[in-house]
Structure formats: structure tokens, C-alpha cells
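**Q** Here it is, the structure, as C-alpha cells.
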Amino acid sequence: MKQQLAASLPVNETDLRLLAQQRAKQMRGQLAGEGKLADERVFLTEVDLTASDHDNVRSRLNLTAGQ
């Protein structure tokens with residue numbers, strides 16, 4: 001049933017990219033929100049759609065610590 005549903009609701013690359021960007025902005029907002037990390041310390045990178053095989057969606061989160 002899952003495969004039939006997925007096949008009947010195709011999602012194009014533009015929609016996937018927009019979803020990934022929205023998720024990234026939400027995460028950035030949580031990390032750099034009021035009283036948290038400084039805005040200049042949290043940044044977004046380009047979306048990598050090749051990380052998805054359409055059964056699973058992988059989201060990459062990179063954290064770096066330094067002075």
C-alpha cells in the first residue's frame with residue numbers, strides 16, 4: 001500500500017528542495033533563536049537531493065565547534 005500511495009503522489013525535485021530548505025530554516029531558527037547561538041554562527045548550506053532514495057529522506061546536520 002505504501003508503494004502504491006507513493007506512486008500515486010509523485011513529488012518533483014523542486015518540491016523536495018523547497019521542503020528541505022523549509023526544514024533547514026526551522027532548525028536554524030531553533031539553534032539561533034532568542035538567547036541561543038549568534039546568527040552569524042549558524043548558516044545553511046545547499047540542499048543535497050542525491051542523499052534521498054525516495055524511500056528514505058536523509059537530512060545532513062553538520063556541527064563544528066571552535067573559538
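The values are calculated or read from the model by the stated rules, or taken from the named source; none is laboratory data. Since the structure is predicted, the reported quantities are computational estimates derived from the model, not experimental observations. For neighbour counting, all protein chains shown are included, and Cβ atoms are generated from backbone atoms with ideal geometry for every residue, glycine included.
**Q** Got at least one residue in region 44-65 being surrounded by 10 or more Cβ atoms within 10 Å (Cβ to Cβ) and at pLDDT 80 or above?
**A** yes
**Q** Within region 1-54, track down each residue that is among the hydroxyl-bearing types (S, T, Y) and part of a helix (DSSP H, G or I).
**A** Scanning region 1-54 gives S8, T14, T50.
**Q** Within the set of pairs 6+ apart or on separate chains, which have a first residue in region 13-40 that is under 18 Å from L63 (Cα atoms), a second that is part of a helix (DSSP H, G or I), and C-beta atoms under 8 Å apart?
**A** A20/L49; A32/D39; A32/R41; K36/Q30; L37/L31
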